[in-house]
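The values are calculated or read from the model by the stated rules, or taken from the named source; none is laboratory data. Predicted, not measured: the structure shown is a model, and the values here were computed from it. Glycine also receives a Cβ, built like all others from the backbone with ideal geometry; neighbour counts cover every protein chain displayed.
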Amino acid sequence: MKIKEIHHVAIICSNYEVSKKFYVEILGCSIIKETFRSDRNSYKLDLRVGNGAAIELFSFPNPPDRVNNPEACGLRHLAFAVEDIEASVNYLKSQEVAVEEIRLDEITGKRFTFFRDPDNLPLEIYEF
């Protein structure tokens, strides 16, 4: 088997409307398809990220809290590639999104930083 690319990342949110607004209106993801699954009382929102991968945004009644220790086993964060990190940071701040200071990747020499989604999921922007 040879993996070709990442197809999608699935995220469960606690407040569907707040997360939908964040990912669509603030981060600029485009809606592929929105589905309400009445048997689960759950939404599934398929979002396009740039020209490639997708995010599946799910809502479920009363999901458990995410483990917030960043060094716990499992997915650590989701990273997005951006062309201009300063412009991206300034934009996020203008949308009242708290953003950490820009750091330098000691291995690649590229700049990056972190911010969080409405459910405190760590997200990264990485300058390419």
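For region 13-33, filtering for residues that are more than 24 Å from Val67 (Cα to Cα) and either among the hydroxyl-bearing types (Ser, Thr, Tyr) or crowded, with 18+ Cβ neighbours inside 10 Å (or both) leaves 2.
The single condition among (1) within 27 Å of Leu104 (Cβ to Cβ); (2) outside any helix (DSSP H, G or I) that Ile11 does not meet is (1).
The listed residues are Leu27, Leu45, Leu104, and the only one of them that is modelled with pLDDT of 95 or more and touching an Asp or Glu at 6+ places or on another chain (Cβ under 6 Å) turns out to be Leu45.
Every residue, every condition in (1) within 18 Å of Cys13 (Cα to Cα); (2) outside the structural domain of Cys13 (by TED's automatic domain parsing); (3) surrounded by 15 or more Cβ atoms within 10 Å (Cβ to Cβ), yes or no:
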site	(1), (2), (3)
Thr35	yes, no, no
Ser38	yes, no, no
Asn41	yes, no, no
Leu47	yes, no, yes
Asn51	no, no, no
Phe58	yes, no, yes
Glu83	no, yes, no
Asp117	yes, yes, yes
Pro122	yes, yes, yes
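Test Ser88 against the stated conditions and say whether it is in the same structural domain as Thr113 (by TED's automatic domain parsing) and either loosely packed, with under 12 Cβ neighbours inside 10 Å or outside any loop (DSSP other than H, G, I, E, B) (or both). Yes, satisfied. Counting the residues of region 18-45 that are touching a residue at least 24 places away in the same chain (Cβ under 8 Å) and part of a strand (DSSP E or B) gives 2.
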